[in-house]
Amino acid sequence: YSISFHIGAIFALIAVSLGGCLLPMWIGNTWAERPMLRRFLTMGSLFGAGTVLATGFIHMFLPAQEALTSPCLSETWHEEYTAFSAVFVIIAIFAMQTLQYALSGSSGGTTHSHNLDEMLDPNHADAHMAHGDFRMPPAMPDFDFATKAAQRVARHERRVTTTILEVGIAAHSVIIGISLGVAAGAEARTLLAALCFHQFFEGLALGTALLIAEYKSRTKMLLMALGYALATPLGQAIGMGIHSSYNGNAPTALLVQGIFDALSAGILIYTALVSLIQPMLVNNPKMHTYSRAVQVGHWLSLYAGAAAMAIIGRWA
């Protein structure tokens, strides 16, 4: 067990996590007026949506199912009823749905999708420049609101959804950080390499979500990015502290890991499908005005993000 390796891994994970999260913000702030880079950011947001969806299913739900059906638990979990992981996923999805309904219920406006290219277009609306230096696009592609009150409600809804998305990602990141912290030798090196890609791609998804959530404060966005970047190293530090006594097959450890992973999976799956993919692609009328090649490029970006995280799931 190499302490120096794990200390180096902490800084490596902070760097790649923060880099992935800040990249969309930097592009949106610095290069938003360039059409080609706006298109790149649009496809990057879809790539991120694909990573979120695949993370929910492959990196969270499957480990949750494995943990909650372990023979180390009582027979209630692994023989009498083996679908507890799915139950917790459904609970998280219903909770997200209820929250969104409650937040949007006071608005009389109807949500329509907008294209991310337009949101970053300086000619689209001057109301989307917030405090600080970051360009704040309106939300998930083209929202047409009847009143300013409806805009405030939708903006608050997006911010809450983004915050919950970060909580779900961070909870999972702490768990995988613990796994890295207790690992040693070749296993630790392989896991670190996979986690660097894992954290970078998740960072891209979260960074895009932060960009389109229209936060007024640049400082708040940076703090949320930093919070994400520190989640896995925090878990790793915990793992380093308990590596000599940690028993991954202990009932308490299995239940905590399984329930947290299942709840996080529900949050990410719902967010990816309802708050990201649906408005950006399925319910986005602007998408149908693009050439067939551009449309295919957008869909392939989504599929590439899901494929990348699915491949990484082989190791992490």
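The values are calculated or read from the model by the stated rules, or taken from the named source; none is laboratory data. The shown structure was predicted, so the numbers you read here are calculated from the model rather than taken from an experiment. No Cβ is skipped: glycine too gets one built from the backbone with ideal geometry, and neighbour counts run over all protein chains shown.
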Tell me which of these Leu180 doesn't satisfy, since it passes every other one: (1) more than 16 Å from the chain's Cα centre (by Cα); (2) farther than 19 Å from Ser4 by Cα.
(2)
Residue pairs, Cβ under 6 Å, 6 or more apart or interchain, first in the range 300-316 and without any contact (Cβ under 8 Å) to a residue 60 or more places away in the chain, second surrounded by 15 or more Cβ atoms within 10 Å (Cβ to Cβ). List them.
none
Any residue at all in the range 133-140 that's buried (at least 16 other Cβ atoms within 10 Å of the Cβ), more than 24 Å from Gly241 (Cα to Cα), under 17 Å from the mean Cα position of the chain (by Cα) and at pLDDT below 50?
yes
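Confirm whether Leu226 is modelled with pLDDT of 90 or more, surrounded by fewer than 21 Cβ atoms within 10 Å (Cβ to Cβ) and closer than 25 Å to Phe47 by Cα. Please lay out each step first, then the result.
Numbers: modelled with pLDDT of 90 or more: yes; surrounded by fewer than 21 Cβ atoms within 10 Å (Cβ to Cβ): yes; closer than 25 Å to Phe47 by Cα: yes.
It is true that Leu226 is modelled with pLDDT of 90 or more, surrounded by fewer than 21 Cβ atoms within 10 Å (Cβ to Cβ) and closer than 25 Å to Phe47 by Cα.
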Hey, Ala67 in contact with an Asp or Glu (Cβ under 8 Å, 6 or more places away or on another chain), crowded, with 18+ Cβ neighbours inside 10 Å and of a type in the set (A, V, I, L, M) or not:
yes
Could you list, in sequence order, all residues of the range 249-269 that are surrounded by fewer than 24 Cβ atoms within 10 Å (Cβ to Cβ) and farther than 12 Å from Leu68 by Cα?
Leu263, Ile269
Determine which single condition Gly185 fails, assuming it passes every other condition in (1) crowded, with 20+ Cβ neighbours inside 10 Å; (2) on the phi > 0 side of the Ramachandran plot.
(1)
Return the pair list, or none, for Cβ contacts closer than 6 Å from residues in the range 9-22 that are without any contact (Cβ under 8 Å) to a residue 12 or more places away in the chain and buried (at least 19 other Cβ atoms within 10 Å of the Cβ) to residues that are of a type in the set (A, V, I, L, M, F, W, C) and assigned to a helix (DSSP H, G or I), at least 6 apart or on different chains.
none
